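Just below is one structure, and these are the notes that go with it.
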Amino acid sequence: MLNSKLQTNTLQETRANQSALVVGNGLTASIVTAAVKSLGIDVTRSKFGLDSALLFHSGGRGPFEAFVRFLNEGAFRCETTASSTPVEIIPVEKGFVVTFDDGSRSEFGCVFFATEGNLKPIPNDLPDGVNIVTPGILKVPSSQSACFVLDYEEITDPSIGMNAMRMALDNQLSGGNSFVLLRHAPVQGMLGETLYETARLAGVRFLRFGNIAPRIERLQTSNDLSIKFQISIQDIIERGEDILIECDRVFVTVNPLPADIPIAFKHLLSKETDPLGFLIQDSVHCLTGKSFRRGLYCVGPSTGCMDLLETVFSASAAAADARSWLGLLEQAPSSSKMSVSEQCIRCLTCLRLCPHAAISLKSQPSKSSVNITGARCLECGICVAECPRNALDLKGFPEEDFVTLIERLRAQNAHDSTVVFGCHRSAGRALSEIELPEKVIFFPVSCAGRLSESILSATLLAGIKGILVLGCHHGNCRSKNGTDWAKARLDTMTTRLNTMFKDIGSFSYKTMAANESPRMLKLINEFLDSVDRIPD
Amino acid sequence: MIGNHDRRVIIVGGGIAGLAVARLLSENGLPFTLVERSDKLGGHTKDWACMAVDECKNCFCCLVFDYEDTVASCRNSEILVGYELSSVVSSDSGIQRVKVRQVDSGAEQEIQASALVLAIGFDTFDPVDKGFWGYGQIDGVLTLADLNHIIRSNDLGKLSPVPEGALDVAFFQCIGSRDKSIGANYCSQYCCGSAIRAALKLIHEVPGCNVSIFYIDLQLPGKTTRDLMEEAQEKGVRFLQGVPGEIRPLQEGGLQVISEIDGQNVAERFDRIVLSVGQRPSASAAAISKILGAPLNEFGFFETRTLFDAVRSPANGVYIAGSCSSPASIPDVAVSAGTVVSAIIADIEKAS
Ligand code: SF4
Ligand code: SF4
Ligand code: SF4
Ligand code: SF4
């Protein structure tokens, strides 16, 4: 039985024209380039942004020398094949067409945005001479005393905090005297705790403050060459008088700062930022550097990650994903998932709205047409529902299915029925664990974003009791905002229909996840109750 | 040689790590055989609850359903549920064949293998092992996992001793983590974020619920976890440094703990105490380590080659994904699984 299933299969061939563009000048771009190359994908690396390496080492007690070696390693300093900078990046059927500032133009299967990041400025209430913690080894003359202040303005990113902790340890081991002031000791990774312990055992003094940050002052010294600082801290463990520390150097940690998105990427990336302004949302769909724009990856500091090891691993993970993406580009026959009818007037609404950059404009001698990249399309139906000409349809989830449903409802005179439209990846999956109440018709949709205003109103006007739309939670939609589209359309419909009709059924929109079947049942029952409460 | 495709990548473990590896392997055209010992896929993640409050809070638990769906539809691959690894034959170039055994019947079968991925995950720390919190003895003491199961069954009403009454909940962080006395002197990475999400969920779902979180240090990796903590503070969650060592049941009902607030010892009463239990090496790690000759590290997790080569075991042809090499949160697992697949493909490329 086992053997019958065993079939040969080959690693999907990546073609030469299926290459990757890595954008960035620094260590991050080198790491990404190496990761992508190791999978047999051709890489062009193009200049962009800073070339400083702003990645911190949180690898616990792990060898710091290895980190330095890694930073300097020739393999990661691979040649830049394009010395030019991208000025325009346009998604097309087989990837992206990139125009460079020297006028040249090339096509790439995937694009990695791997620029270096920035740190926030040093808090301005600190005296002159205080440094911020940057990656690397602390080079202070030995027997100096150094104080490291974490969590000064806000809780420090653990990788930056651990880098500071290690600097404190290095200084202590080379004969200096180190203090670490913090609210939360960073113990990221399996060896973080060991680093913390090693530092304590080596004599680094840890002091813990609460809501009141330590006060850092510069002492006046006769000799300007030896700067001295005095720090007072209210330790929440060793209570009592404020503790005073005198030291030669002070280092404060600051967190990463989101970088500006270059113009060339704006149309692709401006909607890919999180509320803080970093690229890539914290979303189940964006792990490993994937953006919603399929084929476009973001790795490293631009995403808010300042950790060296994390960048190395996410670059590898993104590369593995990119490789499968290139295979998919190669296979998927274009537009197999979607039909575009003659009704299209090329208003480009669909192109603007597609969250996955699956729609491009194909210029032809006679007339241009919209073109759907099958590999990118996730069949969310947002474009179908928003097309002003009703020119689009999903082949796998055709409009006809909705028409059949509506006709059936009319024919059955289903005034005691309730329709639940549920997104297949949340409600559709949770359905298997529950038993639907009577007179509830569940209709799975590829994404709540497919539910157009016309489908929703036609269903309701078929004379049913009500419609409940179950989408994925906001922020969890596979097509980013399909679930939000469904809500917006229901809201509009409510306003419109309520002014026209009095006794139409009710409708409601709720969100859920696949692991919420008991709650799904509750939502359905609550909806049924609310519908029943409405007097005839 | 890995590039020979009559042979498969064997994935040991069908939790979120194994599923993530399987999915990405098959998307890259590599056939796999996934072996899961229990009777279902999805591991711990499958039993945990959604932490959304009006919007997704990125607990990442529902990811396992996306992975499972893709894996179930993989062609040229197979999933063996109720099977375990029984032996391997390796050569200098790596793994050659593996034998798997059906747990119920003991029946064995042999599979031609090209590589083996360990994705056996972790065991949750059992607080009974270290008596002082009265878990299993005192009513009202539960683990973060128990709380998740309650939320998942939509049974939050059960938490309040008096229906609709006030509910005071405390979370104790680092239970079974950062604890040298049990050989767990490492941070379990996931529990601070999970506890804060659960706190927000409780406040959202249970009217009159007050939450206190007792911690040693808060670990807030990731760019948005800091915001999560601020949100929790705004919603009234108390964060208190220092984890009380003892829980006493009160005669009049409820649980008493002594905590230190502003330098004073204060007795506080809670209805429920949630122990944020850490990740311990899987109980089967030692046996599997022996079968494969894949060494374990000082904490009992699978050893990796170097800091930067963190998914290859010193044993040839063995790759390690997810929390069986180091405690991990779900996003960490997803990245580690991607790194494993990347390493396997890179090794194929190198060999060819
Ligand atoms: S939205 Fe409709 S009409 Fe406009 S370009 Fe797209 S398919 Fe054509
Ligand atoms: S269905 Fe969704 S993913 Fe596909 S082309 Fe339309 S908007 Fe894009
Ligand atoms: S990631 Fe977590 S909070 Fe978000 S929808 Fe999924 S299960 Fe719910
Ligand atoms: S994540 Fe938080 S609760 Fe968990 S072990 Fe680390 S510090 Fe303790």
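Of the listed residues B:Val237, A:Val92, the order by accessible area with a 1.4 Å probe, largest first, is A:Val92, B:Val237. I'd like the FRET efficiency for B:Glu78 and B:Ala267, computed as 1/(1 + (r/R0)^6) with the beta carbon distance as r and R0 of 45 Å, rounded to 0.05. FRET efficiency, B:Glu78 to B:Ala267: 0.20.
Taking 0.36 nm per residue of separation and subtracting the current Cα-Cα distance, fully stretching the chain between A:Asn124 and A:Asn211 would add 29.4 nm.
Rounded to two decimal places and with Rh computed the Kirkwood way over Cα pairs, what is Rg over Rh for chain B? Rounded to two decimals, Rg/Rh equals 1.02. Comparing Cα centroids, region B:99-168 and region A:236-269 end up 38 angstrom apart.
Once each part is reduced to its C-alpha centroid, what is the distance from region A:20-60 to region A:114-184 in angstrom? About 26 Å separates the Cα centre of region A:20-60 from the one of region A:114-184.
Of all lysines in the structure, those lying under 18 Å Cα to Cα from B:Lys99, and not within fewer than 8 positions of it along the same chain, are A:Lys5, B:Lys290.
The 1.4 Å probe gives accessible areas that order B:Cys324, A:Cys347, largest first, as A:Cys347, B:Cys324. Helices assigned as whole DSSP H runs in chain B whose Cα atoms extend at least 18 Å along their own long axis and whose mean Kyte-Doolittle hydropathy is 0.0 or higher are found at B:191-205, B:330-351.
If you plug the beta carbon distance of A:Val87 and A:Gln331 into 1/(1 + (r/R0)^6) with R0 = 35 Å, you get a FRET efficiency near 0.65. The residue among B:Gln189, B:Ile175, B:Tyr215 whose Cα reaches farthest toward the positive pole of the charge dipole of region B:125-278, with charges on the beta-carbon of Lys, Arg, Asp and Glu, is B:Gln189. Sites listed here are GluC sites (Glu not before Pro) in region A:227-325 whose DSSP assignment is loop and whose Cβ has at most 12 other Cβ atoms within 10 Å: A:Glu238, A:Glu241. Checking every one of the trypsin sites (Lys or Arg not before Pro) in region B:159-237 against DSSP loop status and a limit of 16 other Cβ atoms within 10 Å picks out B:Lys235. Work out which trypsin sites (Lys or Arg not before Pro) in chain A are exposed loop sites (DSSP not H, G, I, E or B, at most 10 other Cβ within 10 Å) and give the longest gap free of them. So the longest stretch without any such site is A:140-366. Against the empirical 2.2 N^0.38 Å (N residues), region A:131-252 has a Cα radius of gyration ratio of 1.01.
Placing B:Thr306, A:Thr311, A:Thr273, A:Thr499 in order of accessible area, with the largest value first and a 1.4 Å probe, yields A:Thr499, B:Thr306, A:Thr273, A:Thr311.
Values of log10 I(q)/I(0) for region B:197-352 across q = 0.08, 0.11, 0.14 Å⁻¹ run -0.40, -0.67, -0.88, by the Debye formula with one identical scatterer at each alpha carbon and no solvent. In this label model, A:Asn131 and B:Glu303 are separated by 3.7 nm, measuring between points 7 Å along each Cα→Cβ vector.
Per the Kirkwood formula on distinct C-alpha pairs, the Rh of the protein assembly as shown is how many angstrom? Evaluated on the protein assembly as shown, it is 29.2 Å. The calculated 222 nm mean residue ellipticity attributable to helices in chain A amounts to -8500 deg cm²/dmol, summing -39500 (n - 2.57) over DSSP H runs of n ≥ 4 and dividing by all residues. Placing R0 at 22 angstrom, the Cβ-Cβ distance between A:Ser454 and A:Ser530 gives a FRET efficiency of 0.35 after rounding to 0.05. Neighbours of B:Asp69 by Cβ distance under 10 Å: Lys/Arg scored +1, Asp/Glu scored -1, total +1.
Multiplying the residue separation of A:Ser432 and A:Leu201 by 0.36 nm and subtracting their alpha-carbon distance yields 77.6 nm.
Find which of A:Leu431, A:Ile467, A:Asn515 sits farthest along the positive direction of the dipole of region A:397-532, computed with +1 on the beta-carbon of Lys and Arg, -1 on that of Asp and Glu, about the Cα centre. The Cα lying farthest towards the positive end belongs to A:Asn515.
Taking 7 Å steps out from each Cα toward its Cβ at B:Leu250 and A:Ser270 produces label points 5.7 nm apart.
Between A:Asp491 and A:Cys347, the contour length at 0.36 nm per residue exceeds the alpha carbon distance by 49.4 nm.
Based on protein heavy atoms only, region A:447-534 ends up with 39 Å² per residue of surface accessible to a 1.4 Å probe. Of all aspartates and glutamates in the structure, the ones whose alpha carbon falls short of 17 Å from that of B:Lys235, not counting any fewer than 8 places away in one chain, are B:Asp54, B:Glu55, B:Asp168, B:Glu205, B:Asp227.
Note on B:Lys180: lysines with a C-alpha under 18 Å away, same-chain residues under 8 apart excluded, are B:Lys130.
The values are calculated or read from the model by the stated rules, or taken from the named source; none is laboratory data. Remember, it's a predicted structure, so these values are computed and weren't measured experimentally. Don't worry about glycine lacking a Cβ; one is built from the backbone with ideal geometry, like all the others, and counts go over all protein chains shown. Just so you know, the surface numbers come from the protein's heavy atoms only, side chains and all, with ligands and any DNA or RNA stripped out. Shrake-Rupley method; radii C 1.70, N 1.55, O 1.52, S 1.80 Å.
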